[in-house]
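See structure below.
The values are calculated or read from the model by the stated rules, or taken from the named source; none is laboratory data. Nothing here was measured: the structure is a model prediction, and the numbers come from that model. Note that each Cβ is placed from the backbone with ideal geometry, even for glycine, and that neighbours are counted across all protein chains shown.
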Amino acid sequence: MRLATWCIGGITSKLRYLCHWLDSRKPDVVALQKTFAATDRFPIEALREAGYESAAHARDGEFRNGWGVAVLIRKTLPKPQVLQVGLPGQRDPGARFVTVAVGDLEFSSIYAVYGNPAANGFEGAMERKIAWMEQLQEHVGKRSNLSGGCVLAGDFNVVSDGPALPRTLNYTSRERHALDAVLGLGLVDLYRHRHPDIGTGFNYGFDIHKPVTGRLHRIVGTTLVADQMRRAWVDLEYRKAVEELQGCKWPQSAPVIVDLSCASI
């Protein structure tokens, strides 16, 4: 089984690129963030033709339709069941969370709050972010199947490695502690588990000559999932132009992929 997450940055403008990647890499379950697509504009049929069912969440009329998250599921897998759309009690605006069940696998796409310090100030942005992470922790702790196959995938907006920077969002100790509290429920950061020596070589996929990490993008799973992990990697081939797709836009981030040794969870 192949799991992936990708902060796509506009599914409509990147659809040809996304479908090329789906055909090339053949992931089984994919978390997408920043789809920027209104409910009636999400390309369900185009993705179905590419071999995938989809579950999408948008907040129509909000800024970029609430950012937007989605899960794509290969049609050869059991029919997905949508378990949760949005975090219960979420106070921060935005479409940032969706969970589906695919057989015995519970899979969520996440786009964590950044907080926008330009509009809310540093402290206001921090409070929004921490409140959302605490809601995520509460929801996962109460609702998720932490003894079985559970995966959270997406952009967590926290950089865990390197020195903490007390006045720089994504790099503070407080944000790291909030993420650690989620992981402390019994979840493993799969890419970092496979690559424990990644250090501080962040490059987000921009410079192919430097070590690559998933940086803000993570696939975290229960012990059951971690025990099945065979490989975890950043797909830099899809962080640049593809020869067959002349003139096609590509996302700023590269997909993060986790390969499991089992065919299903």
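Numbers for the structure displayed
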read-out	value
Sole exception among (1) within 27 Å of ARG231 (Cα to Cα); (2) aromatic (Phe, Trp, Tyr); (3) at pLDDT below 95 for PHE63, by number	(1)
Residue count, the range 106-136 (criterion: within 21 Å of the chain's Cα centre (by Cα) and on the phi > 0 side of the Ramachandran plot)	2
Some residue of the range 51-60 being surrounded by 21 or more Cβ atoms within 10 Å (Cβ to Cβ), closer than 26 Å to GLU138 by Cβ and hydroxyl-bearing (Ser, Thr, Tyr)	no
Check on VAL140, within 17 Å of ARG218 (Cβ to Cβ), under 16 Å from the mean Cα position of the chain (by Cα) and assigned to a strand (DSSP E or B)	no
Qualifying residue in the range 253-261 (condition: under 30 Å from ASN120 (Cβ atoms), at pLDDT 95 or above and either loosely packed, with under 14 Cβ neighbours inside 10 Å or of a type in the set (Gly, Ala, Ser) (or both))	no
LEU83 of a type in the set (A, V, I, L, M, F, W, C), under 25 Å from ALA263 (Cβ atoms), part of a loop (DSSP other than H, G, I, E, B) and in contact with an Asp or Glu (Cβ under 8 Å, 6 or more places away or on another chain)	no
Some residue of the range 28-43 being β-branched (Val, Ile, Thr) and surrounded by fewer than 21 Cβ atoms within 10 Å (Cβ to Cβ)	yes
The range 170-195 residues that are under 18 Å from VAL225 (Cα atoms), paired with ones that are of a type in the set (Lys, Arg) and crowded, with 17+ Cβ neighbours inside 10 Å (beta carbon under 7 Å, 6 or more apart)	ASP189/ARG218; TYR191/ARG218
Number of the exception - ASP60 against (1) more than 18 Å from the chain's Cα centre (by Cα); (2) over 26 Å from GLY149 (Cα atoms); (3) not in a loop (DSSP other than H, G, I, E, B)	(3)
Residue list for the range 147-179, restricted to those being crowded, with 16+ Cβ neighbours inside 10 Å and part of a loop (DSSP other than H, G, I, E, B)	PHE156, ASN157, VAL158, VAL159, SER160, LEU169, ASN170, TYR171, THR172
Residue that is over 14 Å from GLU106 (Cβ atoms) and assigned to a strand (DSSP E or B), where the choices are VAL188, VAL182	VAL188
Selection status of GLY199, within 18 Å of the chain's Cα centre (by Cα), in a loop (DSSP other than H, G, I, E, B) and either at pLDDT 95 or above or not charged (D, E, K, R) (or both)	no
Filter result (in contact with a strand residue (DSSP E or B) (Cβ under 7 Å, 6 or more places away or on another chain), part of a loop (DSSP other than H, G, I, E, B) and either at positive phi or surrounded by 15 or more Cβ atoms within 10 Å (Cβ to Cβ) (or both)) within the range 86-105	GLY86, LEU87, GLY94, ARG96
Qualifying positions in the range 1-27 - surrounded by 19 or more Cβ atoms within 10 Å (Cβ to Cβ), closer than 19 Å to LEU77 by Cβ and touching a residue at least 60 places away in the same chain (Cβ under 8 Å)	MET1, LEU3, ALA4, THR5, TRP6, TRP21, PRO27
Pairs with Cβ under 7 Å, 6+ apart, first in the range 225-240 and of a type in the set (Ser, Thr, Tyr), second crowded, with 17+ Cβ neighbours inside 10 Å and in a helix (DSSP H, G or I)	TYR238/TRP21
